[in-house]
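Written below as structure tokens is the structure these notes are about.
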Amino acid sequence: MNSSCNNNTIEKGSVCTYCGVGCDITAIITDNKIDKIYAQADGYVSRGKLCIKGSRGYDFVDSDLRVRNVRIKKSFIEKNLNDMPQELKARKNTLVDFDDTWYEANYEFATSLSAWKLSQIKEKYGRHSFSAMGGARTSCESAYSLQKFARVAMDSPNIDNCARVCHSPSLSGMRQTIGEGAATNPYDDIFKSEFLLVMGSNTTEAHPIVANRMIEAARAKTVEIAVLDVRKIQLGKYATYEEIIPFEANLLILNMLAYVIIKEELYDASFMQKRTVGFEDFKESILNDKYANPDFFKQLKGYESLATTIPEIARKYATSKSMIFWGLGITEHLDGSKAVMAITHLALMTGNIGKEGAGLMPLRGQNNVQGACDVGCLPYYAPDYQAPKEVGLMTPDAVDAMLEDKVKSLYVMGEDFTHIHPNQKKAHKALEKLELIIVQDLFMNDIATKADIVFGVKSAYEKTGVYVNAMRRLHLSQPLVQNDLPDDWEVLRDIENKINGEFLYQTSEDVWNDIREDAPYRFSGASYLKLTKNRARGLQWPVGRTDTPTLHLEEFRTKDGIGRFKYHQYKLREQVEKLLNNKQTNTFYLTTGRTLVHYNNAAQTMHTDTLYSKHEEDILQISKEDTHLFEDCTKVILKSPYGQTAELNFKFVKGLKKGTLFNTFHHEKSKINYIFGDEHDDIIKTARFKSVEVEIIKVK
Ligand code: SF4
């Protein structure tokens, strides 16, 4: 939708740059400046409403702090000058002082320098010495270009994106059981459903426009909701069942739900007979699992009510048209992938999949994390989830390889690696061992300050590209405002052209057409023309002649079309074990999450005053029941075996159980991610961000 309001003012439709909900937006633009962003009343995703990030979070576009040039570290030039080819050495005088640390460089020189240094490192240390990260915040065209740059230009399999620290377990768990790691239905199926189980998702803060639908349906009494989380969340107000669960008990509870469904024979035998294998073995395993009977909770002080509520939720789920929604509260754990498999088991057992109003909805975090994975920004998947020529390193392994001097150059595109990944002490040490870090970003965030070469690039509101939201909806963005900065894929093309000369793209559409060939199952029918015609509604993949709002209607996406049960027993550990054994300690369990006004490392939201002023620091939340323990201090530091946070202000809240804490992680200065270590999902290495036992150091 484009329209002209007066001579200088126009309206343009595009897609929100923040979360995975992927709301349609309409911008009013005057003289190449965004005046306002709102949603059309009939917006397919937004339904006429945006959250505060979508409606107010656009000032960053004009921020004075944007990187609007190319910067090269002075120390990098000094260190490399002698080795540079004469042609580059001779152009050193084109560098201009930017500040004490940086030169400002012309784009041509910077792409040549990047190409030379990348090639030199490859020659010296081998092709595996290159690693790339990023792509979930930018378009599919750029994400695709980054994985192609790694795999083709650098001949290295080492490509990963921030799905490593969020929904990789959803992809892994769902692919193993139903063959496709993506949401099965559109968000509007909430209105066709009868029961929603929401687990490990603070939906009103993290995916607010999806939460709006849940609340509307609950108010209209067309749906009942069950909320399971380690703390009370706002959505609980609208829920029929709301329970606070112990830390790291997801798989335990999900297996208990399956146990009740089996024990009370609430499953759909004919669905399973037609569409699944392995139920009999699964059934036997669950019935013999010493942790699967919900009565287990009768022994856990403070959590006894779960022994009654879990069977009630299981009955309601099995006998209704039901959907399950989850977020990082499920995936960022030791058993994230296994918990996701346990979620899919529930759907397979009850036939709550492959139809309208019933299905599975992993709520993806970043606006294009689904798309980045779809186009192959993962070390073990090429575009369309095909097997790559060679499997590369997942980010935690790439960090180890840096420390072992095996990875020597790193390319980061729109991912603040030194803020959002775990074990930051280790990550910082690893980066010091590199000979080259190239960053493409909008701002000098933490990783950019550590880079040798920084390319300022277009933001999502300044370019054309495809984004895939959490319900597989493709949206073709268009520039709301114009600027001369390169798009991410253009920088990659220009460096590649100085290495191999195989990236022949002139426009983002050229890149997209390559994606359609490389990822034909999902995207072959999604031409720019069709996406432009469908800009308001978008198209849900797979897109052939038509698109596909609901997946798995006739068969699953496994090789034989059949769904599978993959039983995993819960392993007793941490808080549950302590509660069971009545072990009192002076430690606390911390979980982390987002707040409504910020997105992840606040790269863009902190440069938007309206948003930043509402949340200028990460404040630790402590249970009201623990108030007496903090009377003698004004601030606290959280400490784990891996590191410690900065000094944190704190407040007491009602919605946390005794001995548990919550903190946001948006501000780099809080150093929250310094206390998370290498523990991760045991299949797919997603960090255990949702649970860490911490000591508290009191600051008087
Ligand atoms: S819910 Fe997500 S996509 Fe929608 S406006 Fe808010 S941040 Fe943007």
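If Gln176 satisfies all but one of (1) more than 16 Å from the chain's Cα centre (by Cα); (2) under 17 Å from Val439 (Cα atoms); (3) not charged (D, E, K, R), what's the number of the condition it fails?
(2)
In the stretch 153-164, what residues are in a helix (DSSP H, G or I) and farther than 14 Å from Pro362 by Cα? Give the steps one after another, and end with the answer.
Just the residues of the stretch 153-164 that are in a helix (DSSP H, G or I), to begin with: 153, 162-164.
If the condition is that a residue be in a helix (DSSP H, G or I) and farther than 14 Å from Pro362 by Cα, then Ala153, Cys162, Arg164 are the ones that fit.
Hey, Ile438 hits all of (1) part of a strand (DSSP E or B); (2) within 28 Å of Gly43 (Cα to Cα) but one; which does it fall short on?
So the condition that Ile438 fails would be (2).
Do we have Arg127 as at pLDDT 95 or above and surrounded by fewer than 19 Cβ atoms within 10 Å (Cβ to Cβ) here? So that I can check it myself, show each step before the final result.
Details: at pLDDT 95 or above: yes; surrounded by fewer than 19 Cβ atoms within 10 Å (Cβ to Cβ): yes.
It is true that Arg127 is at pLDDT 95 or above and surrounded by fewer than 19 Cβ atoms within 10 Å (Cβ to Cβ).
How about the stretch 507-618: which helices (runs of 4 or more DSSP H) wholly inside it have at least 2 residues that are within 16 Å of the ligand (Cβ to nearest atom) and over 30 Å from Glu693 (Cβ atoms)?
Output list reads 609-612.
Applying the selection to the stretch 143-173, what residues are over 18 Å from the mean Cα position of the chain (by Cα) and of a type in the set (Gly, Ala, Ser)? Show your work before the answer.
Applying the first criterion (over 18 Å from the mean Cα position of the chain (by Cα)) to the stretch 143-173 yields 145, 148-158.
Within the stretch 143-173, Ser145, Ala150, Ala153, Ser156 meet the criteria.
Pick from Val165, Val260, Val198: which is closer than 30 Å to Phe503 by Cβ and touching a helix residue (DSSP H, G or I) at 6+ places or on another chain (Cβ under 9 Å)? I'd like the intermediate steps shown before the answer.
Details: Val260 fails: closer than 30 Å to Phe503 by Cβ; Val198 fails: closer than 30 Å to Phe503 by Cβ.
The conditions single out Val165.
Give all pairs with beta carbons closer than 7 Å in which a residue from the stretch 44-71 that is touching a residue at least 24 places away in the same chain (Cβ under 8 Å) and acidic (Asp, Glu) meets a residue that is assigned to a helix (DSSP H, G or I) and more than 16 Å from the ligand (Cβ to nearest atom); count only pairs at least 6 apart in sequence or on separate chains.
Going by the 7 Å Cβ cut-off, the qualifying pairs are Asp59/Asp609.
Please pick out the residue among Leu360, Leu328, Leu300 that is more than 15 Å from the chain's Cα centre (by Cα), of a type in the set (A, V, I, L, M) and within 27 Å of Thr138 (Cα to Cα). I'd like the intermediate steps shown before the answer.
On the way: Leu328 fails: more than 15 Å from the chain's Cα centre (by Cα); Leu300 fails: within 27 Å of Thr138 (Cα to Cα).
Sole residue among the options that is more than 15 Å from the chain's Cα centre (by Cα), of a type in the set (A, V, I, L, M) and within 27 Å of Thr138 (Cα to Cα): Leu360.
I need a count of the residues in the stretch 645-660 that are of a type outside the set (Gly, Ala, Ser) and assigned to a loop (DSSP other than H, G, I, E, B). Talk me through it step by step, then tell me what you get.
First pass over the stretch 645-660, keeping only residues of a type outside the set (Gly, Ala, Ser): 645, 647-654, 656-658, 660.
Next cut, assigned to a loop (DSSP other than H, G, I, E, B) only: 645, 647, 649, 654, 656-658.
Count: 7.
For Ile622, only one of the following conditions fails: (1) in contact with a Leu (Cβ under 7 Å, 6 or more places away or on another chain); (2) assigned to a loop (DSSP other than H, G, I, E, B); (3) not small (Gly, Ala, Ser). What is its number?
With (1) in contact with a Leu (Cβ under 7 Å, 6 or more places away or on another chain); (2) assigned to a loop (DSSP other than H, G, I, E, B); (3) not small (Gly, Ala, Ser) applied to Ile622, the lone miss is (2).
List the pairs whose first member sits in the stretch 410-434 and is farther than 19 Å from Thr605 by Cβ, whose second member is of a type in the set (Asp, Glu) and modelled with pLDDT of 90 or more, and whose Cβ atoms are under 7 Å apart, counting only residues at least 6 apart or on separate chains?
That search, which allows pairs on different chains as well, returns Met413/Asp488; Lys433/Asp405.
Of everything in the stretch 40-74, what is more than 25 Å from Asp488 (Cα to Cα), surrounded by fewer than 16 Cβ atoms within 10 Å (Cβ to Cβ) and more than 12 Å from the ligand (Cβ to nearest atom)? Give them in sequence order.
Ala41, Asp42, listed by residue number.
Name the residue, out of Thr645, Thr592, that is under 22 Å from the mean Cα position of the chain (by Cα), β-branched (Val, Ile, Thr) and surrounded by 19 or more Cβ atoms within 10 Å (Cβ to Cβ). It would help to see each step written out before you state the result.
Numbers: Thr645 fails: under 22 Å from the mean Cα position of the chain (by Cα).
Exactly one of Thr645, Thr592 is under 22 Å from the mean Cα position of the chain (by Cα), β-branched (Val, Ile, Thr) and surrounded by 19 or more Cβ atoms within 10 Å (Cβ to Cβ), namely Thr592.
Would it be correct to say that Lys566 is within 26 Å of the chain's Cα centre (by Cα) and charged (D, E, K, R)? Outline the logic, then answer.
Details: within 26 Å of the chain's Cα centre (by Cα): yes; charged (D, E, K, R): yes.
Yes: the conditions hold for Lys566.
Could you go through the stretch 504-511 and let me know if any residue there is buried (at least 18 other Cβ atoms within 10 Å of the Cβ), hydrophobic (A, V, I, L, M, F, W, C) and within 30 Å of Ser114 (Cβ to Cβ).
So far as the stretch 504-511 goes, yes, one or more of its residues are buried (at least 18 other Cβ atoms within 10 Å of the Cβ), hydrophobic (A, V, I, L, M, F, W, C) and within 30 Å of Ser114 (Cβ to Cβ).
Taking the residues in the stretch 368-418 that are outside any loop (DSSP other than H, G, I, E, B) and charged (D, E, K, R) as candidates, determine which candidate is farthest from the chain's Cα centre (by Cα). Explain how you work it out, then say what you get.
The first filter runs over the stretch 368-418 and keeps only residues outside any loop (DSSP other than H, G, I, E, B), leaving 369-374, 378, 381-386, 395-403, 409-413, 417-418.
With charged (D, E, K, R) added as a condition, the list becomes 374, 384, 397, 400.
Working: Asp374: 13, Asp384: 18, Asp397: 19, Asp400: 22 Å.
If we take residues in the stretch 368-418 being outside any loop (DSSP other than H, G, I, E, B) and charged (D, E, K, R), then Asp400 is farthest from the chain's Cα centre (by Cα).
What are the pairs with Cβ atoms under 9 angstrom where one residue, in the stretch 11-34, is without any contact (Cβ under 8 Å) to a residue 24 or more places away in the chain and the other, located anywhere, is within 14 Å of the ligand (Cβ to nearest atom) and aliphatic (A, V, I, L, M)? Sequence gap at least six, or different chains.
The qualifying pairs are Glu11/Ala27; Ile28/Ile37.
Can you confirm whether the stretch 188-200 contains a residue that is surrounded by 24 or more Cβ atoms within 10 Å (Cβ to Cβ) and within 14 Å of the ligand (Cβ to nearest atom)?
No: zero hits.
Check off (1) surrounded by fewer than 17 Cβ atoms within 10 Å (Cβ to Cβ); (2) over 28 Å from Ala448 (Cβ atoms) for Thr660 and give me the number that stays unchecked.
(1)
Residues in the stretch 12-27: is at least one within 16 Å of the ligand (Cβ to nearest atom), modelled with pLDDT of 95 or more and at positive phi?
Taking every residue of the stretch 12-27 in turn, at least one turns out to be within 16 Å of the ligand (Cβ to nearest atom), modelled with pLDDT of 95 or more and at positive phi.
Which members of the stretch 549-587 meet the condition of being among the β-branched types (Val, Ile, Thr), touching a Lys or Arg at 6+ places or on another chain (Cβ under 8 Å) and surrounded by 15 or more Cβ atoms within 10 Å (Cβ to Cβ)? So that I can check it myself, show each step before the final result.
In the first step, residues of the stretch 549-587 are kept if they are among the β-branched types (Val, Ile, Thr); the result is 550, 558, 562, 576, 585, 587.
Filter once more, so that each one left must be touching a Lys or Arg at 6+ places or on another chain (Cβ under 8 Å): 550, 558, 562, 585.
Result: Thr550, Thr558, Ile562.
Can you tell me which residue among Lys635, Lys530, Lys566, Lys571 is charged (D, E, K, R) and touching a Gly at 6+ places or on another chain (Cβ under 9 Å)?
Details: Lys635 fails: touching a Gly at 6+ places or on another chain (Cβ under 9 Å); Lys530 fails: touching a Gly at 6+ places or on another chain (Cβ under 9 Å); Lys571 fails: touching a Gly at 6+ places or on another chain (Cβ under 9 Å).
Sole residue among the options that is charged (D, E, K, R) and touching a Gly at 6+ places or on another chain (Cβ under 9 Å): Lys566.
If you go through the stretch 467-484, how many residues are assigned to a loop (DSSP other than H, G, I, E, B) and either assigned by TED's automatic domain parsing to the domain that holds Ile209 or of a type in the set (S, T, N, Q) (or both)? If you could, list the steps in order and put the result at the bottom.
Let us first name the residues in the stretch 467-484 that are assigned to a loop (DSSP other than H, G, I, E, B), namely 469-472, 478-484.
Imposing the further condition that a residue be either assigned by TED's automatic domain parsing to the domain that holds Ile209 or of a type in the set (S, T, N, Q) (or both) reduces the set to 469, 478, 482-483.
Total meeting the criteria: 4.
Is there any pair with a first residue in the stretch 246-268 that is touching a residue at least 60 places away in the same chain (Cβ under 8 Å) and closer than 19 Å to Ser305 by Cβ and a second that is hydrophobic (A, V, I, L, M, F, W, C) and not in a helix (DSSP H, G or I) whose Cβ atoms are under 6 Å apart and which are 6 or more apart or on different chains, and what are they?
Listed by first residue and then by second, the contacts come to Phe247/Val230; Asn255/Ala292.
Is at least one residue of the stretch 475-497 in contact with a strand residue (DSSP E or B) (Cβ under 9 Å, 6 or more places away or on another chain), in contact (Cβ under 8 Å) with a residue 40 or more places away in the chain and basic (Lys, Arg)?
No: the stretch 475-497 contains no residue that is in contact with a strand residue (DSSP E or B) (Cβ under 9 Å, 6 or more places away or on another chain), in contact (Cβ under 8 Å) with a residue 40 or more places away in the chain and basic (Lys, Arg).
The values are calculated or read from the model by the stated rules, or taken from the named source; none is laboratory data. Predicted model, so just to flag it, every value in this text is computed and none were measured. Note that we place each Cβ from the backbone using ideal geometry, even for glycine, and neighbour counts take in every protein chain shown.
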